[in-house]
1. Check whether at least one residue in the range 87-102 is buried (at least 21 other Cβ atoms within 10 Å of the Cβ), among the small types (Gly, Ala, Ser) and out of contact with any Ser or Thr (no Cβ under 7 Å at 6 or more places or on another chain), and report yes or no.
2. Under 8 Å between Cβ atoms, which residue pairs at least 6 apart in sequence (or on different chains) link something in the range 66-78 that is closer than 17 Å to residue 138 by Cα with a partner that is surrounded by 12 or more Cβ atoms within 10 Å (Cβ to Cβ) and polar (S, T, N, Q)?
3. For residue 161, only one of the following conditions fails: (1) over 20 Å from the mean Cα position of the chain (by Cα); (2) in contact (Cβ under 8 Å) with a residue 40 or more places away in the chain. What is its number?
4. Among helices (runs of 4 or more DSSP H) lying entirely in the range 110-219, which contain 1 or more residues that are among the β-branched types (Val, Ile, Thr)?
5. Return yes when residue 44 is surrounded by 22 or more Cβ atoms within 10 Å (Cβ to Cβ) and in a loop (DSSP other than H, G, I, E, B) and no when it is not.
6. Is it the case that the range 151-162 has a residue that's surrounded by 17 or more Cβ atoms within 10 Å (Cβ to Cβ), within 16 Å of residue 83 (Cβ to Cβ) and of a type in the set (D, E, K, R)?
7. Pick out the one residue from 67, 62 that is under 13 Å from the mean Cα position of the chain (by Cα) and surrounded by 15 or more Cβ atoms within 10 Å (Cβ to Cβ).
8. Take the residues in the range 1-26 that are closer than 24 Å to residue 103 by Cβ and of a type outside the set (Val, Ile, Thr); name whichever of them is surrounded by the most Cβ atoms within 10 Å (Cβ to Cβ).
Amino acid sequence: MQLLSVNVSLPKEVAHERETVRTGIFKEPAAGPVQVHIGGLEGDGQGDPENHGGQFKTVYAYPYEHYAHWEGMLKRGPLPYGQLGENLTVEGMLEDRVHIGALYRMGTSLLQVTQPRKPCFKLGIRIGMTKFVAIFWNSGRTGIYLRVVEEGTVQAGDPIALIEDAPENPTVRRLWQLAYFEEECFDECLLALRLPYLSPEWRRPLTLRLRKADIALEG
């Protein structure tokens, strides 16, 4: 596994339909090492901190393996690193192999997998296609959010090491399926809800699914 690119952007104002929105989605590759702080990467920021960033969505990684799919679908290419709004363009970390709670060493920082990404309309602004948000979401190629366990530095070319796996937990892809696409995997939903590092954003749909099925929640 390898870190191919570190991408950052401070928030800026961009035109969207009849209004102006503030966004940090226009990531560009950084030259040299980048500091990783508990609150995020040096030189990076969010235009809407209420819905982006925070302890569960501090750093966003995206598998480079998906780039070929999007280049073909969009009939563009090659797409530059950071095109999907990711902080880290990674190789070898696919959503169906990475478990929620797993710990990865990237550079000198230690990061923990927390959840998939549920994209907002700003991804459509970045790509220049409003309907791309739904296409991206339904594809399951969500990318991976991580929280910072240990601060450090990262830079392009750094190896990525799995320090501690959590195979008893759902993968990133499986959590996406459980919350929005599977119908009756209630035991797995209960297991996911036990995870202390599962964000409220992903607890809500799992809880709703269980309540609709009249299944008692633990605790």
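1. Here is the first cut: in the range 87-102, the ones buried (at least 21 other Cβ atoms within 10 Å of the Cβ) are 87-90, 93, 95, 98, 100, 102.
Add one more test, that the residue is among the small types (Gly, Ala, Ser), and what stays is 102.
Filter once more, keeping what is out of contact with any Ser or Thr (no Cβ under 7 Å at 6 or more places or on another chain): 102.
Yes.
2. Pairs that qualify, where the first residue is closer than 17 Å to residue 138 by Cα and the partner is surrounded by 12 or more Cβ atoms within 10 Å (Cβ to Cβ) and polar (S, T, N, Q), are 67/83; 69/139; 70/83.
3. Status for residue 161: all satisfied but (1).
4. The helices (runs of 4 or more DSSP H) meeting that bar are 121-127, 132-139, 172-180, 200-212.
5. Details: surrounded by 22 or more Cβ atoms within 10 Å (Cβ to Cβ): yes; in a loop (DSSP other than H, G, I, E, B): yes.
It is true that residue 44 is surrounded by 22 or more Cβ atoms within 10 Å (Cβ to Cβ) and in a loop (DSSP other than H, G, I, E, B).
6. No - not one qualifying residue is present in the range 151-162.
7. Of the residues listed, the single one that is under 13 Å from the mean Cα position of the chain (by Cα) and surrounded by 15 or more Cβ atoms within 10 Å (Cβ to Cβ) is 62.
8. In this case the residue turns out to be 7.
The numbers here are math on the coordinates, done by the rules we state, and not lab data. All values reported here derive from a predicted model rather than from experimental measurement. Neighbour counts run over all protein chains shown; Cβ positions are idealised from the backbone, glycine included.
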